[in-house]
Amino acid sequence: MLFKNIAILDEDFAYQPDRWVGVRDGRIAYVGDAAPADAASYGEAYDGAGKLLMPALYNDHAHAPMVLLRGYAENLPLQAWLEQKCWPFEAKITPEDNYWAMLLACAELARYGGVSFSDMYYATRERAQAVTEAGLKANLSEGLLAFEPKPFADYPQCALNEELVRDLHGSADGRIRIDYNIHAEYTSNPQVCAEVAAIAREKGLRVHLHASETKSEVEECRGRHDGLSPIAYFDSLGVLDGAVTAAHCVWVDEGDIAILRDRGVFVANCPASNLKLGSGFAPIPQMLDAGVKVCLGTDGMASNNNHNLFQDMYLMGLVYKGAALDPAVVEPRQVMAAATRTGALSQGREDCGLVKEGMRADVCVLDVTGPQWCPMTAPDYNVVFAGDGADVVLTMCDGRVVYRDGVWPTIDVERAKAEVAARTRRIIAEL
C-alpha cells in the first residue's frame, strides 16, 4: 500500500503534512514529501486527504478474555472484586471460551488502532490461535497463582511454559511471543518468584507481573517481608534483574522509583482501571522525571471497560495535571511515546512503534476531518485531548490491514460477539 498526501506523526511524534508512506513486505519502505520513484510498484494507493497516519498502539497490560466479564464485577475494591466476582467466574471459563473472548478482544483492539498487547491469562494455546487468526501480535503469559509453599517445578505451569516456549514463541512470523508470569506478591511465594525469574533470564524471555496496585497491598507486603515494598521485595529475589514489565505501580515511593529506573523495568500505567477500582493513580510525572520507562495498558474489561487506548492516553495526559496542580506535567509526546514506541519496546519488539523507514508497518490512520480536530494548531494536543479511537479508519499490523472502515478482514465479528454473549450468560447461570 502507498499512502499519498497524508499527514503523519514522524519518528519524533512531530506533525508532518502531505507525506507519502510506502509499505512493502510488512515494513515501512518509504517516507518522504514526494512520491517514491517506484510508486507504481506499491499496489493500492490510499488517498490521505483529511487523514493522519501515526504508529499503531501497544497495550502493555491486558487480560483480554475478560471481555466475558464486561459489566459483571462493578463497584468493588480490588480484593473483593477479585475474590467475590472475578475468580469464581474465571473458574468456569473453558479454553474454548477463552478463544472466542480473545478473538472479540482482538477486534476491539484493532478497531481502536491497537495491534499488539501483553496478555496475562489462561488457555494460552487458544489465545495464541485467536491472535494468529486475527493477524495481531501478542506477548502471552500463562497465569500463575502460587499460594502453596512449593517450588515452581511442582506447579503445572512450569511444564506448560516449557511447552509454550517450544511450540509458540516466535510463531506467526514473530507476532506471538511467550512471556513468563508472576501474578503478584500476594498470590505467590518467594521461591516461585525467584525460580520463575531465573528461568526467564536463562531463556532470554520477559516477565509480566502486577506490583503495588493498592495501598493495602503495599502495607500487607511490608508486614510479610520485613518492611519491603512489593518493588523492593521483587528486587531482593532477583526478579527485576531480567526484562520485566510491571503493571500498575500506583503506590510506589522514591526508593521504588529508583529501583524501577536502575533495573530498567517497564511500568505499564493503567489509569482507567486504577481510577475505576478506586486504587488511585501512579506517580507518572515523578517516574518520567527519574527516567523510568512508562508504557500504557488497559487492564481487563471488568475494570476498564474497553480496549480503547486513546481513552487511557487522554487520562494519562490529564490526571496528573490536576493531581500536581501543574498544567505542564506529562506532555502529549510523552503520552504518545508510552502508547507506541515504549510500548513496543516493553514487548521486546525493537523494530516496532515508529513511523520510520525500516520499521514494521504497524500504523493506524485517523479521520481528522471532524469538528473536534479543527483547527490543527497543536496536532499533538489534538491527538491526546481531542482525538479518540472512534476516529480510527484503518489499522495495519505488519503491513496487513486488520481493520478498515467498519470491516475486520480477518475476524467474523458478529460470530465472535454472539459467542461471547452466549458464553457469559452460561457462566452466570452456572454461578
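The values are calculated or read from the model by the stated rules, or taken from the named source; none is laboratory data. Because the structure is a prediction, the values reported are computed rather than measured. Heads up, the Cβs are rebuilt from the backbone with ideal geometry, glycines too, and the neighbour counts pull from every protein chain shown. Just so you know, the surface numbers come from the protein's heavy atoms only, side chains and all, with ligands and any DNA or RNA stripped out. Shrake-Rupley method; radii C 1.70, N 1.55, O 1.52, S 1.80 Å.
Matching residues to (1) buried (at least 17 other Cβ atoms within 10 Å of the Cβ); (2) more than 18 Å from Leu366 (Cα to Cα):
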| position | (1), (2) |
| --- | --- |
| Phe3 | yes, no |
| Asp25 | no, yes |
| Ala34 | no, yes |
| Lys51 | yes, no |
| Ala56 | yes, no |
| Ala62 | yes, yes |
| Leu68 | yes, yes |
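Taking region 164-178 as the range and being in contact with a Ser or Thr (Cβ under 8 Å, 6 or more places away or on another chain), under 19 Å from Asp351 (Cβ atoms) and open to solvent by 10 Å² or more (accessible area, probe 1.4 Å) as the test, the residues that pass are Ser171, Ala172, Arg175.
For region 135-154, the condition of being among the acidic types (Asp, Glu) and not in a helix (DSSP H, G or I) holds for at least one residue.
Here's the yes/no breakdown for (1) surrounded by 23 or more Cβ atoms within 10 Å (Cβ to Cβ); (2) among the aromatic types (Phe, Trp, Tyr):
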position: Asn98; (1), (2): yes, no
position: Phe117; (1), (2): yes, yes
position: Thr124; (1), (2): yes, no
position: Gln129; (1), (2): no, no
position: Glu133; (1), (2): no, no
position: Leu136; (1), (2): yes, no
position: Glu142; (1), (2): no, no
position: Phe147; (1), (2): no, yes
position: Pro156; (1), (2): no, no
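Criterion applied to Glu96, Glu83 was being at pLDDT 95 or above and part of a helix (DSSP H, G or I), and the one residue passing it is Glu96. Scanning region 332-369 for residues that are in contact with a helix residue (DSSP H, G or I) (Cβ under 7 Å, 6 or more places away or on another chain) and either open to solvent by 30 Å² or more (accessible area, probe 1.4 Å) or more than 22 Å from Val21 (Cβ to Cβ) (or both) gives Arg333, Gln334, Val335, Ala338, Asp367.
Which members of region 70-92 meet the condition of being surrounded by fewer than 13 Cβ atoms within 10 Å (Cβ to Cβ) and among the aromatic types (Phe, Trp, Tyr)? Result: Trp87, single match. Could you go through region 157-176 and let me know if any residue there is farther than 29 Å from Ala198 by Cβ and part of a helix (DSSP H, G or I). No, there is no match, as no residue in region 157-176 is farther than 29 Å from Ala198 by Cβ and part of a helix (DSSP H, G or I).
Condition check ((1) within 27 Å of Trp408 (Cβ to Cβ); (2) touching a residue at least 40 places away in the same chain (Cβ under 8 Å); (3) not basic (Lys, Arg)) across all residues:
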site: Gly135; (1), (2), (3): yes, yes, yes
site: Leu145; (1), (2), (3): no, yes, yes
site: Ala153; (1), (2), (3): no, yes, yes
site: Glu163; (1), (2), (3): no, no, yes
site: Ala184; (1), (2), (3): no, yes, yes
site: Val192; (1), (2), (3): no, yes, yes
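Could you tell me whether Asp412 is acidic (Asp, Glu), open to solvent by 50 Å² or more (accessible area, probe 1.4 Å), touching a helix residue (DSSP H, G or I) at 6+ places or on another chain (Cβ under 9 Å) and over 22 Å from Gln311 (Cβ atoms)? Spelling it out, Asp412 is indeed acidic (Asp, Glu), open to solvent by 50 Å² or more (accessible area, probe 1.4 Å), touching a helix residue (DSSP H, G or I) at 6+ places or on another chain (Cβ under 9 Å) and over 22 Å from Gln311 (Cβ atoms). Here Ala338 meets each of (1) at pLDDT 95 or above; (2) more than 19 Å from Val265 (Cβ to Cβ) with one exception, condition (2).
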